[in-house]
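Working notes, beginning with the structure itself.
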Protein chains: 2
Amino acid sequence: MGDGCDMATLAEIARRAGVSSALVSRVINNDETLRVSQETRESVLRVVQEVNYAPNVAAQSLRSSKSGTIAFVVHDAANPVYGEILRGAQAEAERQNKAILLGDSAAGNVGNSRLAQMIRGGGVDGLILQAAGVQADNLIIKAAHKKVPVVQLQTDIGLGGSLVQLPDAPAAEIATRHLRELGHRTIGCLATVEGLTFTESRMKGWQHEMGADADPSLVAHAAPFAEEGEAVTRELLLRRPDISGLVCFNVVAAIGATRAAIALGLDVPRDLSIVSIHDVKFAEDLKVPLSVVRMPLAEMGQVAIKTVCIEARELPARIAIETSPEFVQRQSTAAPGR
Amino acid sequence: MGDGCDMATLAEIARRAGVSSALVSRVINNDETLRVSQETRESVLRVVQEVNYAPNVAAQSLRSSKSGTIAFVVHDAANPVYGEILRGAQAEAERQNKAILLGDSAAGNVGNSRLAQMIRGGGVDGLILQAAGVQADNLIIKAAHKKVPVVQLQTDIGLGGSLVQLPDAPAAEIATRHLRELGHRTIGCLATVEGLTFTESRMKGWQHEMGADADPSLVAHAAPFAEEGEAVTRELLLRRPDISGLVCFNVVAAIGATRAAIALGLDVPRDLSIVSIHDVKFAEDLKVPLSVVRMPLAEMGQVAIKTVCIEARELPARIAIETSPEFVQRQSTAAPGR
DNA sequence: GACAAGTGGTAAATCGCTTTACCAAACTTC
DNA sequence: GAAGTTTGGTAAAGCGATTTACCACTTGTC
């Protein structure tokens, strides 16, 4: 039994089996055009087993210009929402036999990182970007674009490549309609960062469902952090004390919104109903279990990987995830005044 | 201005600058032993700028036997606790100029994955393993061990390499002592999976603080999932209704424990005080805001990367994180019966 | 016995970068 | 003006896997 301690090479195996390294490679890779006797093939495979051979990935990668690696850059890996996307991506990557290089644009300067070097230097086969508001990195990514297929998630920051979109407008509509059906008329909108593609789509959904009641002063924008959601909601509620329902575009911000409401002495849902887009584990364990619209996040991760692995010249410009958002009723929403 | 569209090579640059590719390489890498005229150097660098040169990472990797990549395998990337570890790891990886390849042993079969191929084939410079209860993967990992430095987090599954440990016993002591000081005597222990290194260390902490009151029937084990924490706690509380305080080794299980208590009609903290190891964002937003002992998780991630990057022959067998756990009082603990 | 058609392989050129060893020409030095 | 020394580089050998082109030998065929 080999001990696997030696970094065996093709040449080493060839030597042990008494054949050429070309033959070994062709046997291992099941070259259809190869004509080889059964015994030679077996003796080669035996040696391969013995030395526990594993091909050198750098050599393969150099020769084939394929790294077997996908860069997945999110802007805050700690956000539970991204965890879900990543889960779907991981599973699909497994199927495509790719490994995932994780980048966190919040955790540091992606532009100068090793990851960027790899992207620029042919070290990844594709790039998936979840970049809600990245700035300086654009240059690097842009430069990379010609070399590597790029898939953007949720928002188009103008890099070309494909844009994968969730059913944003429908989700916002579902959330808003839920409150409307409960009897709410003055419904605030705690949106995500202004200008992002998905923010605008969700705004459209809210506006559509609000109809004539869609007053711009009911809208506020917050990045997906609880603290910011809290601060922004506080201002919104002070500005428009008549708001009886609130649609949040991000569940983390929604948690902040709940804090703000409670801090203002409001009862949720009696004084303020809150519904959010995106679910989170332990939503039911919250002080106020949030009613939410669940998005097909894992599917988005999966589609992103699948798309970036397409060998075709040009990727589709847009890919819409069609799976319907799922409304989950919990205890943060009720009829107004009750 | 170059368009960066062409995968420029050293040879291409050499041709354009009218020098040899060896010279270009040595200029780029600031070879101290190189003697070169100022103008030649400048003209080389000018061409490098022009074509927006980025070295081919596969070639570098092949030549140098360094990939600039660390594999980081967790057993459930969605667990918020690991998110924190990963955050520290990311930051340190940035400093070490390494990229992180993320593996999720829950998301699929790590053994057959592309990641495993890379580990075995010299495609990573190190392997960090957070493997609370992995089984089949051991073989692969073991095989990899001779080729690549391995760092295990929190628990030793016998792979050799380094083991990074949190202050487990102190954390459990702090949690238990907190309840003792509140006046609790019959304190349950919702431990993590039996046999894991950190589980045993924390058990020691609980036992030490409990002294003669450390009855084995007060102990139950649960994997870090809310559902399992709930089920196991339910049984424990039914078996020992006299328990007035509960120390949980994992915050996710603690959330489940809270569910179980509530389902049994108990009020937390009046009828049952719950304290957990590990903090989580939004702990204060929970129905019962959990009192916790915060662990230096980000530091552990950082230390893991730092350790795995050490060039020395042999890594230290054990590395203890010395930073003290921090107790955070919230509303899940109180004096018994009050 | 000459020619074609298999059979069972091998040699050698890449892929792009790094690094060691070496070298020609121009200066010193005595 | 012969022997060093410095200056400013270059040639070439890898790293390990893949792949194309080719080759020697054996069989069959008429």
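The values are calculated or read from the model by the stated rules, or taken from the named source; none is laboratory data. Computed from a predicted model, the values in this text were never measured in an experiment. Methodologically, a virtual Cβ is constructed for each residue, glycine included, from the backbone with ideal geometry; neighbour enumeration extends over all protein chains shown. These accessible areas exclude ligands, DNA and RNA; they are computed on the full protein's heavy atoms, side chains included. Shrake-Rupley method; radii C 1.70, N 1.55, O 1.52, S 1.80 Å.
Top mean-square fluctuation among B:ARG120, B:ARG16, B:ARG95, Gaussian network model of chain B, C-alpha springs under 10 Å?
Looking only at B:ARG120, B:ARG16, B:ARG95, the largest GNM fluctuation is found for B:ARG16.
For the stretch A:269-319, what does the convex hull of the Cα positions come to per residue, in cubic angstrom? Intermediate values should be presented prior to the final figure.
Numbers: hull volume 3.8 nm³, N = 51.
Per-residue hull volume (Cα only) is 74 Å³.
For the protein assembly as shown, build the charge dipole from Cβ charges (+1 Lys, Arg; -1 Asp, Glu) around the Cα centre, then report which of A:SER67, B:VAL74, B:MET295 sits farthest towards its positive end.
A:SER67
Using the alpha carbons of the stretch B:1-90, what is the convex hull volume per residue in cubic angstrom, as a whole number? Display every interim value, and only then the final one.
On the way: hull volume 14.5 nm³, N = 90.
Convex hull volume per residue, Cα atoms: 161 Å³.
Using a 1.4 angstrom probe on protein heavy atoms only, which residues from the stretch B:46-63 are buried by at least 30 Å² of accessible area when all chains are present rather than their own chain alone?
The answer is B:ASN52, B:ALA54, B:VAL57, B:ALA58, B:LEU62.
Over all pairs of distinct alpha carbons, what does the Kirkwood formula give as the hydrodynamic radius of the stretch B:184-338, in Å? Please list the in-between numbers first.
Numbers: mean 1/r = 0.0613 Å⁻¹.
After inverting the mean inverse Cα-Cα distance, the result is 16.3 Å.
Considering the alpha-carbon set of the protein assembly as shown alone, what are its Rg and its Dmax in angstrom?
Both quantities, over Cα of the protein assembly as shown: 28.0, 86 Å.
Using only Cα atoms, what is the ratio of the radius of gyration of the stretch A:146-209 to 2.2 N^0.38 Å? Before the final figure, lay out each step's value.
Values: Rg = 14.7 Å, N = 64, 2.2 N^0.38 = 10.7 Å.
With N residues counted in the stretch A:146-209, Rg over 2.2 N^0.38 Å equals 1.38.
Per residue of chain B, what 222 nm ellipticity follows from adding -39500 (n - 2.57) for every DSSP H run with n ≥ 4, rounded to the nearest 500?
Details: 12 runs with 138 residues, N = 338.
After summing the helix terms and dividing by the residues of chain B, the value is -12500 deg cm²/dmol.
Debye calculation, C-alpha points only, no solvent: report log10 I(q)/I(0) for the stretch A:33-78 at q = 0.18, 0.24, 0.32 Å⁻¹, in the same order as the q values.
-0.80, -0.93, -1.02
What is the diffusion coefficient of the stretch A:10-55 in µm²/s, taking the Kirkwood radius over Cα pairs and the Stokes-Einstein relation at 10 °C with a viscosity of 1.306 mPa s?
Values: Rh = 10.3 Å.
The estimated diffusion coefficient comes to 154 µm²/s.
How far, in degrees from 0 to 90, does helix A:226-239 lean away from the longest principal axis of the Cα atoms of chain A, to the nearest 10?
Rounded to the nearest ten degrees, it is 20.
Chain pair A, B: how much accessible area is buried, both chains summed, with a 1.4 Å probe, in Å² to 100?
Working: alone 16800 and 16790 Å², together 28670 Å².
Chain pair A/B: roughly 4900 Å² of buried accessible area.
Charges at C-beta only: +1 for Lys and Arg, -1 for Asp and Glu. How large is the resulting dipole of the stretch A:168-294 about its Cα centre, in Debye rounded to 20? Could you put the intermediate results ahead of the total?
Numbers: 13 positive and 18 negative charges, 29 e Å.
Approximately 140 debye in magnitude.
Rounded to the nearest whole Å², what accessible area per residue is found for chain B with the 1.4 Å probe? Before the final figure, lay out each step's value.
Working: 14330 Å² over 338 residues.
On a per-residue basis, chain B sits at 42 Å².
How big is the charge dipole of chain A about its Cα centre, in debye rounded to the nearest 20, if each Lys and Arg gets +1 on its Cβ and each Asp and Glu gets -1 on its Cβ? All intermediate terms of the calculation are to be shown ahead of the outcome.
On the way: 34 positive and 39 negative charges, 125 e Å.
The dipole magnitude comes to about 600 debye.
How far is helix A:251-263 tilted, in degrees, relative to the longest principal axis of the Cα atoms in chain A, given as a value from 0 to 90 rounded to the nearest 10?
Tilt relative to chain A: about 30 degrees.
Give the residue from B:ALA91, B:SER21, B:VAL44 lying farthest towards the positive end of the charge dipole for the stretch B:1-103; charges sit on Cβ (+1 for Lys and Arg, -1 for Asp and Glu) and the dipole is referred to the Cα centre.
B:SER21
Pick out, from A:MET118, A:GLN331, A:LEU129, the residue whose Cα sits farthest towards the positive end of the charge dipole of chain A, with +1 on the Cβ of Lys and Arg and -1 on the Cβ of Asp and Glu.
A:MET118
In degrees, nearest 10, range 0 to 90: what is the angle between the Cα axis of helix B:168-182 and the longest Cα principal axis of chain B?
Approximately 30 degrees, to the nearest ten.
Taking R0 as 25 Å, what's the FRET efficiency between B:LEU264 and A:LYS281 from their Cβ-Cβ distance, rounded to 0.05? If you can, show how the numbers build up before the last one.
On the way: r = 22 Å, r/R0 = 0.89.
My answer for the efficiency is 0.65.
Counting each pair of different Cα atoms once, what's the Kirkwood radius of the stretch B:240-301 in Å, rounded to one decimal? All intermediate terms of the calculation are to be shown ahead of the outcome.
Details: mean 1/r = 0.0828 Å⁻¹.
Its Kirkwood hydrodynamic radius stands at 12.1 Å.
For labels at A:ARG330 and A:GLU311 in the simple 7 Å Cα→Cβ model, what's the distance in nm?
Here the modelled spin labels are 4.6 nm apart.
Mean separation of Cα pairs under 8 Å and 6+ residues apart, divided by the residue count of chain B: what relative contact order is that in percent?
After rounding, I find 17 percent.
With a 1.4 Å probe and every protein chain kept in, tell me what percent of the accessible surface of the protein assembly as shown is carbon plus sulfur. Write down the numbers at each step before the final one.
Details: 14160 of 28670 Å².
About 49 percent, which is the carbon plus sulfur part of the accessible surface.
Of the DSSP beta bridges with both residues in chain A, give the percent that are antiparallel, rounding to the nearest 5. Write out the running numbers ahead of the final one.
Values: 3 of 36 bridges.
Beta bridges within chain A, antiparallel portion: roughly 10 percent.
At a Cα cut-off below 24 Å, give the lysines reachable from B:LYS147, other chains included and same-chain residues fewer than 8 away excluded.
The reachable lysines, counting only those whose Cα sits under 24 Å from B:LYS147, are A:LYS66, A:LYS98, B:LYS66, B:LYS98, B:LYS306.
Would you please report the Å³ per residue occupied by the convex hull of the alpha carbon atoms in chain A?
Details: hull volume 55.6 nm³, N = 338.
Hull volume over Cα atoms, normalised by residue count, gives 165 Å³.
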